[in-house]
Amino acid sequence: MALTRLPDWRRRYEATIDDIKTRPFKWGVHDCGPGLAGRLVLAMTGVDLSANFSVDYTDAASAARKIRDLGFSSLGELVGALLPTIHPSQAEIGDVAALLMPGPIGHALGVVNGERIFVLTDTGIGTVDLLDAVSCFKVG
C-alpha cells in the first residue's frame, strides 16, 4: 500500500512522540504495533493501518497466534504485506523498522528517527541504532 504523508506530517509525528514517550509497553494496549508504529503512521498519513486488526492479545504468545491466524509467520512479514519493504539504508524519518526479537512474534517494530530507531520499552520510548534493523518499510 502506498501512503502519502500529510503536509504537516512532521509536526504530527513529533506531537505523537511527545504523547507516547512516557507510556510503558503493554501487550494489546500500547505495544510496538498499534501503540507505536500504527499511531505514528496514522499521525503522518491519516491512514489507520491497525484498524483492520483487533488488538485482542495480552502477551507475546497470544500476539504470535493472532499473527499466524492472519496468515503470517512474523510481525515483520505482516507489515511487509501492508507497506513497501526497503533496505534500512534507504529509511527516512517516520519509516517503520523491523528488529529481530527472540520469542514467538519474530520481530519488534520501531520507527526510524535519523540514525536511531524509536522503540517502546518498559518505561516509554527508547532508541536503538538504525543498523539493528533487519528491514524497513516505507511510509509515504
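Points worth noting:
- Within the range 2-42, the set of residues being in a loop (DSSP other than H, G, I, E, B) and either on the phi > 0 side of the Ramachandran plot or of a type in the set (S, T, N, Q) (or both) comprises Thr4, Thr22, Gly28.
- If you go through the range 102-112 and pick out every residue that is assigned to a strand (DSSP E or B), out of contact with any Pro (no Cβ under 9 Å at 6 or more places or on another chain) and without any contact (Cβ under 8 Å) to a residue 60 or more places away in the chain, you end up with 1.
- With respect to the conditions (1) over 20 Å from Leu3 (Cα atoms); (2) outside any strand (DSSP E or B); (3) within 15 Å of the chain's Cα centre (by Cα), Leu99 falls short on a single one, namely (2).
- Scanning the range 104-124 for residues that are under 17 Å from Lys21 (Cα atoms) and charged (D, E, K, R) yields Arg116, Asp122.
- Selection from the range 89-98 of residues that are touching a residue at least 12 places away in the same chain (Cβ under 8 Å) and surrounded by fewer than 18 Cβ atoms within 10 Å (Cβ to Cβ): Gln90, Glu92, Ile93
- Residues that are among the aliphatic types (A, V, I, L, M) and in a loop (DSSP other than H, G, I, E, B), drawn from the range 72-95: Leu83, Ala91, Ile93
- When Asp18, Asp69 are checked against the criterion of being within 21 Å of Phe118 (Cα to Cα) and either modelled with pLDDT under 90 or charged (D, E, K, R) (or both), a single residue qualifies: Asp18.
- Test: residue in the range 50-61 that is of a type in the set (D, E, K, R), more than 19 Å from Ala98 (Cβ to Cβ) and at pLDDT below 90: yes
- Restricting the first member to the range 33-50 and to residues that are over 16 Å from Leu6 (Cα atoms), and the second to residues that are of a type in the set (Ser, Thr, Tyr), the beta-carbon pairs closer than 8 Å and six or more apart or on different chains are Gly33/Ser50; Pro34/Ser50.
- Residue list for the range 14-49, filter: aliphatic (A, V, I, L, M) and either surrounded by 13 or more Cβ atoms within 10 Å (Cβ to Cβ) or closer than 20 Å to Met101 by Cβ (or both): Ile17, Ile20, Val29, Leu36, Ala37, Leu40, Val41, Leu42, Ala43, Met44, Val47, Leu49
For every residue, the table says whether it meets (1) out of contact with any Phe, Trp or Tyr (no Cβ under 9 Å at 6 or more places or on another chain); (2) buried (at least 22 other Cβ atoms within 10 Å of the Cβ); (3) within 26 Å of Asp19 (Cβ to Cβ).
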residue	(1), (2), (3)
His87	yes, no, no
Pro102	yes, no, no
Gly126	no, no, yes
Asp132	yes, no, yes
Cys136	yes, yes, yes
Gly140	no, no, yes
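- On the stretch given as the range 58-71, residues that are among the hydroxyl-bearing types (Ser, Thr, Tyr) and not in a helix (DSSP H, G or I) total 1.
The values are calculated or read from the model by the stated rules, or taken from the named source; none is laboratory data. These numbers were taken from a predicted model, which means no experiment stands behind them. When we count neighbours, we look across all protein chains shown, and the Cβ atoms used for this are built from the backbone with ideal geometry, even at glycine.
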